């Protein structure tokens with residue numbers, strides 16, 4: 001009798017040991033049932049458990065910690081090929097998240113979290129984590145969209161009215177268009193300011209800042225503004241003695257900095273009143289005189 005009992009106990013232990021090897025403690029137990037998806041004989045965590053892990057990981061990423069000690073997860077992740085229908089849905093969801101990020105930051109960056117973004121974008125948290133591995137990745141993606149879309153919005157402004165006659169006037173017209181775009185959409189400027197001066201400093205490591213610069217490398221030394229500067233030097237409207245890279249760096253920092261000052265950092269104006277426009281016009285006139293050929 002007892003021999004049979006001992007044999008049964010040994011057999012049970014053997015089965016438990018084998019079960020332990022196939023279903024390790026890290027597998028998820030829910031209501032007493034092993035919920036493990038088997039694929040090619042390899043245990044795999046169920047989808048809802050993976051989403052939960054992503055949420056917990058994002059919460060850790062969102063907690064206060066040294067930005068130098070971690071990197072943005074999967075920022076450069078390559079998405080798998082999708083059908084046109086699913087690609088359109090993915091793009092629509094990404095655009096909704098970007099709009100939500102911009103709106104929340106414009107209201108109060110302290111309220112920027114996954115739950116708030118999902119609610120404003122009209123999607124679930126699970127859908128958010130299918131698109132982005134972290135809150136930080138959503139912010140980086142939003143900034144990338146802004147940088148890529150801004151030239152189109154500037155170009156639309158440039159098409160209004162008579163095209164300036166020379167390179168200098170066309171160059172300064174670009175900065176006037178910047179002011180107009182940000183005046184019409186102050187939330188966009190508040191987001192870019194938050195990204196430039198807060199997010200990159202406190203939420204990105206040095207390696208991430210190197211990988212994801214404020215301005216794409218293709219913009220340095222090239223692009224429409226540099227072309228117009230060189231065209232102005234050729235047509236005589238801009239002093240040919242001026243060094244292009246250094247002068248353009250000073251010009252863009254000065255004029256875009258004034259926009260940020262007028263519309264974001266100074267309580268006396270929101271960028272829509274006459275004082276702000278007069279101040280910016282004075283800056284345009286100053287740079288026009290500085291760049292003009294002697």
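The values are calculated or read from the model by the stated rules, or taken from the named source; none is laboratory data. What you see is a predicted model; the values in this text were computed from it and never measured. Quick reminder, even Gly has a Cβ in these numbers, built from the backbone with ideal geometry, and neighbours come from all protein chains shown.
In the set 257, 271, 232, only one residue is in contact with a helix residue (DSSP H, G or I) (Cβ under 8 Å, 6 or more places away or on another chain), within 23 Å of residue 183 (Cβ to Cβ) and either surrounded by 14 or more Cβ atoms within 10 Å (Cβ to Cβ) or modelled with pLDDT under 95 (or both); that residue is 271.
Being modelled with pLDDT of 90 or more and closer than 19 Å to residue 200 by Cα holds for only one residue in 124, 71, 66, 134, and it is 134.
Given the residues 237, 254, 205, 198, which is the only one that is outside the structural domain of residue 90 (by TED's automatic domain parsing) and in contact with a strand residue (DSSP E or B) (Cβ under 9 Å, 6 or more places away or on another chain)?
Numbers: 254 fails: in contact with a strand residue (DSSP E or B) (Cβ under 9 Å, 6 or more places away or on another chain); 205 fails: in contact with a strand residue (DSSP E or B) (Cβ under 9 Å, 6 or more places away or on another chain); 198 fails: in contact with a strand residue (DSSP E or B) (Cβ under 9 Å, 6 or more places away or on another chain).
Among 237, 254, 205, 198, only 237 is outside the structural domain of residue 90 (by TED's automatic domain parsing) and in contact with a strand residue (DSSP E or B) (Cβ under 9 Å, 6 or more places away or on another chain).
Annotation note: Cβ proximity below 8 Å between a residue of region 226-250 that is free of Cβ contacts under 8 Å to residues at least 12 places away in the same chain and a residue that is assigned to a loop (DSSP other than H, G, I, E, B) (sequence gap 6+ or interchain) occurs for no pair.
Taken over region 138-184, the residue count meeting the criterion of being without any contact (Cβ under 8 Å) to a residue 12 or more places away in the chain and surrounded by 15 or more Cβ atoms within 10 Å (Cβ to Cβ) is 1.
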